[in-house]
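**Q** Below is one structure. I have some questions about it.
The values are calculated or read from the model by the stated rules, or taken from the named source; none is laboratory data. These figures come from a predicted structure and were not determined experimentally. Positions of Cβ are generated from backbone atoms using ideal geometry, with glycine treated the same way; all protein chains shown enter the neighbour counts.
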């Protein structure tokens with residue numbers, strides 16, 4: 001199979017309005033399209049991440065909890081590339097987001113850290 005890259009990452013949230021606000025106002029992702037699917041009682045929000053990437057944010061009535069800790073099989077985390085990690089950490093903390101201490105990737109020597117979305121999905125920022 002030959003691919004041209006990743007088209008999108010899909011996230012299911014427990015509180016649509018809370019997660020929409022987090023991804024648009026806190027992280028600053030722009031809305032491409034927002035659709036309410038009446039037959040599913042569900043929203044689908046397409047968000048632009050950078051120039052070429054998307055997140056699809058879904059809401060469903062009563063989604064099951066995500067197993068997160070300890071390390072479970074499946075998607076581990078979602079990482080965003082940033083130019084200045086200290087600046088981004090300061091911006092997130094100013095918006096009330098708890099951010100772990102900045103660490104150094106022992107393999108690449110690059111700075112990174114983690115924070116969580118409203119559903120405790122682990123999100124990483126990684127300095128380019």
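**Q** How many of the residues in segment 17-29 are exposed (fewer than 13 other Cβ atoms within 10 Å of the Cβ) and in a loop (DSSP other than H, G, I, E, B)?
**A** So the answer is 1.
**Q** Any idea which of (1) out of contact with any helix residue (DSSP H, G or I) (no Cβ under 8 Å at 6 or more places or on another chain); (2) surrounded by 13 or more Cβ atoms within 10 Å (Cβ to Cβ); (3) closer than 27 Å to residue 127 by Cα is the one residue 14 doesn't satisfy?
**A** All conditions are met except number (3).
**Q** Within segment 35-45, can you find the residues that are over 20 Å from residue 120 (Cα atoms), surrounded by 12 or more Cβ atoms within 10 Å (Cβ to Cβ) and in contact (Cβ under 8 Å) with a residue 12 or more places away in the chain?
**A** Within segment 35-45, 40, 42 meet the criteria.
Let's see how each residue does on (1) surrounded by fewer than 13 Cβ atoms within 10 Å (Cβ to Cβ); (2) over 13 Å from the mean Cα position of the chain (by Cα); (3) in contact (Cβ under 8 Å) with a residue 40 or more places away in the chain; (4) in a strand (DSSP E or B):
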residue: 76; (1), (2), (3), (4): yes, no, yes, no
residue: 80; (1), (2), (3), (4): no, no, yes, yes
residue: 88; (1), (2), (3), (4): no, yes, no, no
residue: 91; (1), (2), (3), (4): no, yes, no, no
residue: 96; (1), (2), (3), (4): yes, yes, no, no
residue: 109; (1), (2), (3), (4): yes, yes, no, no
residue: 113; (1), (2), (3), (4): no, yes, no, yes
residue: 119; (1), (2), (3), (4): no, no, yes, no
residue: 123; (1), (2), (3), (4): no, no, yes, yes
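**Q** Only one of these is more than 18 Å from residue 10 (Cα to Cα) and either out of contact with any helix residue (DSSP H, G or I) (no Cβ under 9 Å at 6 or more places or on another chain) or not assigned by TED's automatic domain parsing to the domain that holds residue 9 (or both): 44, 20, 95. Name it.
**A** Working: 44 fails: more than 18 Å from residue 10 (Cα to Cα); 20 fails: more than 18 Å from residue 10 (Cα to Cα).
On inspection, the qualifying residue turns out to be 95.
**Q** Given (1) under 17 Å from residue 10 (Cα atoms); (2) in contact with a helix residue (DSSP H, G or I) (Cβ under 9 Å, 6 or more places away or on another chain), identify the lone condition not met by residue 64.
**A** (2)
**Q** Something else now. Quick test for you: out of 101, 51, pick the one residue that is part of a loop (DSSP other than H, G, I, E, B), more than 16 Å from residue 11 (Cα to Cα) and in the same structural domain as residue 12 (by TED's automatic domain parsing). Quick ask: steps written out before the conclusion?
**A** Working: 101 fails: in the same structural domain as residue 12 (by TED's automatic domain parsing).
Of 101, 51, the one residue that is part of a loop (DSSP other than H, G, I, E, B), more than 16 Å from residue 11 (Cα to Cα) and in the same structural domain as residue 12 (by TED's automatic domain parsing) is 51.
**Q** Okay, moving on. Looking at residue 32, is it modelled with pLDDT of 95 or more and either crowded, with 17+ Cβ neighbours inside 10 Å or in a strand (DSSP E or B) (or both)? Step through it out loud before you land on a result.
**A** Details: modelled with pLDDT of 95 or more: yes; either crowded, with 17+ Cβ neighbours inside 10 Å or in a strand (DSSP E or B) (or both): yes.
Against the criterion (modelled with pLDDT of 95 or more and either crowded, with 17+ Cβ neighbours inside 10 Å or in a strand (DSSP E or B) (or both)), residue 32 qualifies.
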